[in-house]
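J.: Shown below is the structure under consideration.
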Amino acid sequence: MDTRPLYERVILVGSTARKAGKTTYVTNFLKTNKGRFIAIKIQTSLKYEKFEIFKEAICGLENDTQKYLKSGAKDAYLINAPADKIMEAFMTLYKSIDPSSPIICESTSLIKYIKPKKFILFYKIDAKKNKPDVDLFISMADEIIKIS
């Protein structure tokens with residue numbers, strides 16, 4: 001039985017490997033939904049001891065959250081967090097943003113903690129470095145986009 005809490009206003013975009021096309025997908029999605037969605041990127045790393053949340057202020061092409069704003073995000077946020085703080089970081093941000101705004105979030109790991117409205121998974125068929133939980137991610141995906 002799936003005990004993850006449901007987040008009806010969240011679309012989650014993840015992948016089984018790096019450089020799979022997540023950011024391109026999110027920016028294209030935002031271009032067709034200008035001004036409607038809040039965009040969030042979650043980066044997990046062992047180098048972070050606690051989580052950090054940054055609200056993007058610059059519209060540009062330097063990093064993913066700037067690309068989100070340039071593509072039409074209502075607001076864009078970056079979360080840097082260790083793996084064991086992902087849900088805490090997400091909830092901290094989630095509680096602070098407009099409850100009527102839909103959210104598109106670029107994160108694979110968050111699927112372990114929430115049930116989004118939709119989980120889109122980019123699956124690199126021939127990736128030598130797929131993430132360890134690839135089978136779990138595939139089983140939770142609502143849509144799988146296969147890439148080579």
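The values are calculated or read from the model by the stated rules, or taken from the named source; none is laboratory data. This is a predicted model, so every value here is computed, not measured. For neighbour counting, all protein chains shown are included, and Cβ atoms are generated from backbone atoms with ideal geometry for every residue, glycine included.
J.: Does any residue of the stretch 126-141 turn out to be at pLDDT 95 or above and assigned to a loop (DSSP other than H, G, I, E, B)?
T.: yes
J.: Of all the residues that make up the stretch 93-148, how many are surrounded by 15 or more Cβ atoms within 10 Å (Cβ to Cβ) and of a type in the set (Asp, Glu)?
T.: 2
J.: Would you point out the residue of the stretch 68-92, among those that are touching a residue at least 24 places away in the same chain (Cβ under 8 Å) and within 18 Å of ASP133 (Cβ to Cβ), that is surrounded by the fewest Cβ atoms within 10 Å (Cβ to Cβ)?
T.: ALA83
J.: For the stretch 95-140, what are the residues that are closer than 26 Å to ASN33 by Cα, among the hydroxyl-bearing types (Ser, Thr, Tyr) and without any contact (Cβ under 8 Å) to a residue 60 or more places away in the chain?
T.: Within the stretch 95-140, SER96, SER100 qualify.
J.: Hey, among GLY60, GLY72, which residue is touching a Gly at 6+ places or on another chain (Cβ under 8 Å) and over 22 Å from THR108 (Cβ atoms)? Write out each step before concluding.
T.: Working: GLY60 fails: touching a Gly at 6+ places or on another chain (Cβ under 8 Å).
So the residue among GLY60, GLY72 that is touching a Gly at 6+ places or on another chain (Cβ under 8 Å) and over 22 Å from THR108 (Cβ atoms) is GLY72.
J.: Among the listed residues GLU8, GLU52, GLU62, which satisfies the condition of being out of contact with any strand residue (DSSP E or B) (no Cβ under 9 Å at 6 or more places or on another chain) and surrounded by fewer than 20 Cβ atoms within 10 Å (Cβ to Cβ)?
T.: Numbers: GLU8 fails: out of contact with any strand residue (DSSP E or B) (no Cβ under 9 Å at 6 or more places or on another chain); GLU52 fails: out of contact with any strand residue (DSSP E or B) (no Cβ under 9 Å at 6 or more places or on another chain).
Testing whether each residue is out of contact with any strand residue (DSSP E or B) (no Cβ under 9 Å at 6 or more places or on another chain) and surrounded by fewer than 20 Cβ atoms within 10 Å (Cβ to Cβ) leaves just GLU62.
J.: If I ask for residues that are under 23 Å from GLU143 (Cβ atoms), modelled with pLDDT of 95 or more and aliphatic (A, V, I, L, M), which ones from the stretch 10-63 would you list?
T.: VAL10, ILE11, LEU12, VAL13, VAL26, LEU30, ILE38, ALA39, ILE40, ILE42
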